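I have placed the structure first, in the form of structure tokens, so that the comments after it can refer back to it.
The values are calculated or read from the model by the stated rules, or taken from the named source; none is laboratory data. What you are looking at is a predicted structure, and each value in this text was computed from that prediction instead of being measured. Here the Cβ positions follow ideal geometry from the backbone for every residue, glycine too, while neighbour counts run over all protein chains shown. With ligands, DNA and RNA removed, areas are computed over all heavy atoms of the protein, side chains included. Shrake-Rupley method; radii C 1.70, N 1.55, O 1.52, S 1.80 Å.
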Amino acid sequence: MATTQIKYSSQAVSRLYFMGAIGLFLGQILFGVALGLQYLIGDLLFPAIPFNIARMVHTNLLIVWLLMGFMGAAYYMVPEEAETELYSPKLAIILFWTFLVAGALTILGYLLVPYATLAAATGNDLVATMGREFLEQPLPTKLGIVVVALGFLFNISMTVLKGRKTAVSMVMLMGLWGLALMFLFSFVNPSNLVRDKMYWWFVVHLWVEGTWELILGAMLAFLLVKTTGVDREIIDKWLYLIITFALVTGILGTGHHFYFIGLPGYWQWIGSVFSALEPIPFFMMTLFAFNMVQRRKREHPNQAAVLWTVGCAVMGFLGAGLWGFIHTLSPVNYYTHGSQITAAHGHLAFYGAYVMVVIAFISYAMPILRGREANPRRAQSVEMWSFWVMTICMGVMVLALTGAGILQIWLQRIPTEGAMGFMQTQDQLRFFYWIRLAGGVGFLIGLLMWLSSFFITAGEEDEPVGELARA
């Protein structure tokens, strides 16, 4: 097996972040399966873990583990891009444990303390920030996130400033700073409901359809540079083009959340037009990935990482692009908003665009952090099977949710008279919910397969990974 070492010793801190992200990812999927069961067995785990608490833990774990994955990726790629050691590895380690402990305590608070009691005990009466979807974190947790983010950005920014500046590192830095600045709107909670929802979307939308897309683009570009050997100048041009379209469409595309919350009617035009253009950067990412793989100058031994990288571009386009487009125009969104169609889009978009890019990065970086160029052939085989199991099962979930959403709209929202009530409609969707649950269980199995690949060692029958790649 070909051995290798990380170029800069401080890159090793990223391993902590990757391991933390993997653990939180597993927790998120376990709660997701529990939620799927609660859709079918309403009193499951009640009153210990009510549905609203399980959903809150599921979504919060998603956000935290992805952020931890982004941070790990930054700590790995920025020293290599800047050609210098990380400014302060000790600070990175301290911030990791701070972030992990704060996140764990918050989740325990959700599970062990009634939410209203938690809000009263953590100063929500002084600065009201709790109670909004995805931003349910108590005030001390939000303040801790700000402290961790500032320390992290200081560390990364100082590393970039003292070293080489590349398109990849600058786009990554821009995305990370934008992510942190947009989070500050989570502290703004005006009494006016329209303004409240507007500022809430400044965090949620301008994260996932704005700054996170810059981070996604930078991570994809780095992976393609490393795995294909294509000239950096070519990849840089693609990256600049992609982030330009991502920012133009993503920022004005925020308008598709302003359709029916009390803002002026012109947002229906702005939101519809620019949201319809949002699939373009994701389609460009798909072309980007396939183009670079076709131009590759060498066969990288880590074929599993290449598969995740290309798969991310394709599934990101399907989830964030195609499934977003099908219900983004205001006349359509009038019926679909908040339905299971939205859930289908959300699941596929997050998996395709962000979950897969973090997995791709971990797949590429972890073998190197463990002193080898790539995992053994058997481990990569299991990992590639896990890719297909997770991706197909996510597809099953999304198709089930799409079917449920179409029936929900037909029964509950389209009729002008005699529309079926919400709970009655939910009873009619149980078939789709069983299929969604099966997809969720299958996804969990795929995740466990991926985790098992980390523990597979080379056997005598395994060829050296470098020889395998050249065969």
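Filtering the stretch 14-65 down to residues that are open to solvent by 70 Å² or more (accessible area, probe 1.4 Å) and assigned to a helix (DSSP H, G or I), which residue is farthest from residue 398 (Cα to Cα)? Residue satisfying both the conditions and the ranking: 15. Evaluating residue 130 against the criteria (1) of a type in the set (A, V, I, L, M); (2) open to solvent by less than 30 Å² (accessible area, probe 1.4 Å); (3) not in a loop (DSSP other than H, G, I, E, B) leaves one unmet condition, (3).
Just checking, does the stretch 251-268 include any residue being modelled with pLDDT of 90 or more and touching a Leu at 6+ places or on another chain (Cβ under 6 Å)? Checked against the condition, which is being modelled with pLDDT of 90 or more and touching a Leu at 6+ places or on another chain (Cβ under 6 Å), the stretch 251-268 yields no hits at all.
Check whether at least one residue in the stretch 85-99 is in a loop (DSSP other than H, G, I, E, B), open to solvent by less than 10 Å² (accessible area, probe 1.4 Å) and out of contact with any His (no Cβ under 6 Å at 6 or more places or on another chain), and report yes or no.
The answer is yes, given that some residue of the stretch 85-99 is in a loop (DSSP other than H, G, I, E, B), open to solvent by less than 10 Å² (accessible area, probe 1.4 Å) and out of contact with any His (no Cβ under 6 Å at 6 or more places or on another chain).
Is the stretch 204-220 home to any residue that is over 17 Å from the mean Cα position of the chain (by Cα) and open to solvent by 20 Å² or more (accessible area, probe 1.4 Å)? No: the stretch 204-220 contains no residue that is over 17 Å from the mean Cα position of the chain (by Cα) and open to solvent by 20 Å² or more (accessible area, probe 1.4 Å). Report every pair of residues separated by at least 6 positions or lying on different chains whose Cβ atoms are under 6 Å apart, first residue within the stretch 136-151 and among the β-branched types (Val, Ile, Thr), second open to solvent by less than 20 Å² (accessible area, probe 1.4 Å). What qualifies is 141/106; 148/95; 148/99.
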